[in-house]
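Below: the structure, in structure tokens.
The values are calculated or read from the model by the stated rules, or taken from the named source; none is laboratory data. Computed from a prediction, not measured in an experiment: that's the story for all the values here. Backbone-built Cβ (ideal geometry, glycine too); neighbour counts: all protein chains shown. Just so you know, the surface numbers come from the protein's heavy atoms only, side chains and all, with ligands and any DNA or RNA stripped out. Shrake-Rupley method; radii C 1.70, N 1.55, O 1.52, S 1.80 Å.
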Amino acid sequence: MTNETTPPAGSPGRVILFTTSHRVAPGLLSWPAWQALHGADEVLCGDATHPQLPYLREAGVHVEQVSPTAQDLVDACAGGRTVLVIATAEGDSALTDGLARLAGSGRVSMPDLELLPASYDLPGARLLDLVQVMDQIRIECPWSSQQTHKGLTKYAIEEAYELVEAIEEGDREELREELGDVLLQVVFHSRIAEDDEDAPFSVDDVAGTIVEKLIHRHPHIFGDGSADTPEDVKANWLRMKAQEKQRTSVTEGIPLGQPGLALAAKLASRVRTAGLDVPAPSGEGIGYDLLALALRAESEGTDPEAALRAAARAYRDAVLAAEGE
């Protein structure tokens, strides 16, 4: 394949800076990228281990292993030639800075410069980086390599609470960071699970399980079901969940170790959804008083745990004000 048009002999030519994403499998390049590779007069790459090279050679593209300077490129393009430079994983800042200096000097007839992204990251591509980094940490870090699911439990709880706090405080920067910390817990536990001798699974298995669950429980999107209101969606979800779990009691699956107000509200929600009439147990003491308040809050559509946290924050502010007097 040759260039469609032949530039004049005195033309300064063209430089194509060719970039690829390491998050996309080598060889999966865009059609304009393949056209540029086959149409260039020279293809250069300074990294002999670049993952694209075996696939380019297989496709008949000759790649010279060389790290040109800016002046080398200008000279190589003289006479209207096209030189394509495959960027290394670390980038080629020295080359691009050199080209910028030459262009800024005004003393050099510069070739046309084109940046050609040959492959693009899809949404979620940075998750591949997280998995790769976590794998390296699990292997090489003296602390991380010794961690177990049980040993990390407290961190999962702490990170979940910090996420809740960021949401309730409305701090967007904090929210982004805390979401990352919660995501780390998922990836960390998944990586630990890979080392289990009896029942190993990976983060791909975790993701595959939740994808299957989401598709199955959204038949109004992925199937022939219907749901016109949020209430319809919730009813469908609960019905399919009951069919999947085959539970004999509405209390099954409710973690008893969660905070007391949240536990009481969850029990009340299950009872109400199931259409059961279960009066609150009678008894004396603050525990029963709190239970009654939690049940009342849930019946009125209020999260008692969140309500108490909001009141506690107001109390904290009052303490801070008193300390400042």
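A few points about this structure:
- Pairs of lysine residues in the chain that meet both criteria, 8 or more places apart or on different chains and Cα atoms under 22 Å apart, total 9.
- The figure for Lys154 is an accessible area of roughly 110 square angstrom, using a 1.4 Å probe on the protein chains alone.
- Here the Karplus curve 6.51 cos²θ - 1.76 cosθ + 1.60, taken at θ = phi - 60°, turns the phi angles of the stretch 240-255 into couplings of 5, 5, 5, 5, 5, 7, 6, 7, 9, 9, 5, 7, 5, x, 8, x Hz, with x standing for Gly and Pro.
- Label separation (Phe222 vs Trp34): 3.2 nm, computed from points 7 Å beyond Cα along the C-beta direction.
- Taking a point 7 Å out from the Cα of Asp181 in the direction of its Cβ, none of the residues of the stretch 300-325 has a backbone N less than 14 Å from it.
- Solvent-accessible area per residue, Å², over the stretch 168-325 with all protein chains present [probe radius 1.4 Å]: 70
- Tilt relative to the chain, helix 93-105 - C-alpha long axis, 0 to 90 degrees, to 10: 60
- Ligands, DNA and RNA aside, Asp112 has an accessible area near 100 Å² when probed at 1.4 Å.
- Extension gain, Ser11 back to Arg247 (0.36 nm per residue minus Cα-Cα distance, nm): 77.3 nm
- Helical contribution to [θ] at 222 nm, DSSP H n ≥ 4, -39,500 (n - 2.57), averaged over the chain, rounded to 500: -17500 deg cm²/dmol
- When you restrict to C-alpha pairs under 8 Å that are six or more residues apart and normalise by the size of the chain, the relative contact order lands at 14 percent.
- Answer label, with Rg/Rh (Cα atoms, Kirkwood Rh) calculated from the coordinates and candidates [x] 1.15; [y] 0.95; [z] 1.07: [x]
- Accessible-area rank, largest first, for Thr88, Thr302: Thr302, Thr88, with all protein chains present and a 1.4 angstrom probe.
- In Hz, Karplus ³J(HN,Hα) per residue of the stretch 109-126 (6.51, -1.76, 1.60; θ = phi - 60°; x = Gly, Pro): 7, 7, x, 5, 10, 9, 9, 10, x, 8, 8, 10, 6, 8, x, x, 5, 5
- Our coupling estimate for the stretch 134-140, obtained by passing each phi through the Karplus curve with A = 6.51, B = -1.76, C = 1.60 and θ = phi - 60°, is 4, 4, 5, 5, 4, 7, 9 Hz, Gly and Pro reported as x.
- Note on the stretch 185-283: Cα Rg divided by 2.2 N^0.38 Å, N the number of residues, gives 1.39.
- Split the accessible area of the stretch 8-132 by element, probe 1.4 Å, and carbon with sulfur accounts for 56%.
- Label separation (Ile167 vs Gln71): 6.1 nm, computed from points 7 Å beyond Cα along the C-beta direction.
- On Cα atoms only, tilt of 304-324 relative to the major axis of the chain in degrees: 80
- Calculated on alpha-carbon atoms, Rg and Dmax of the stretch 107-256 in Å: 21.6, 83
- Length gained on full extension, Val271 to Thr49: 73.7 nm, using 0.36 nm per residue less the C-alpha separation.
- Degrees, to the nearest 10: 149-169 long Cα axis against longest axis of the chain: 90
- The length gained by stretching the chain between Ser202 and His62 to full extension, at 0.36 nm per residue less their Cα-Cα distance, is 46.5 nm.
- Centroid-to-centroid, using Cα positions, the stretch 3-82 and the stretch 273-317 are 67 Å apart.
- Near the amide H of Val43, within less than 5 Å, lie the amide hydrogens of Glu64, Leu84, all on another chain or at least 5 residues away, with H placed in the peptide plane.
- Taking Leu295, Leu29 and ordering them by how much accessible surface each has at a 1.4 Å probe, largest first, produces Leu295, Leu29.
- Local electrostatic count at Thr251 - Lys and Arg +1, Asp and Glu -1, tallied over other residues with Cβ under 10 Å: +2
- Tyr288, Tyr120, reordered so the largest accessible area comes first (probe 1.4 Å): Tyr120, Tyr288
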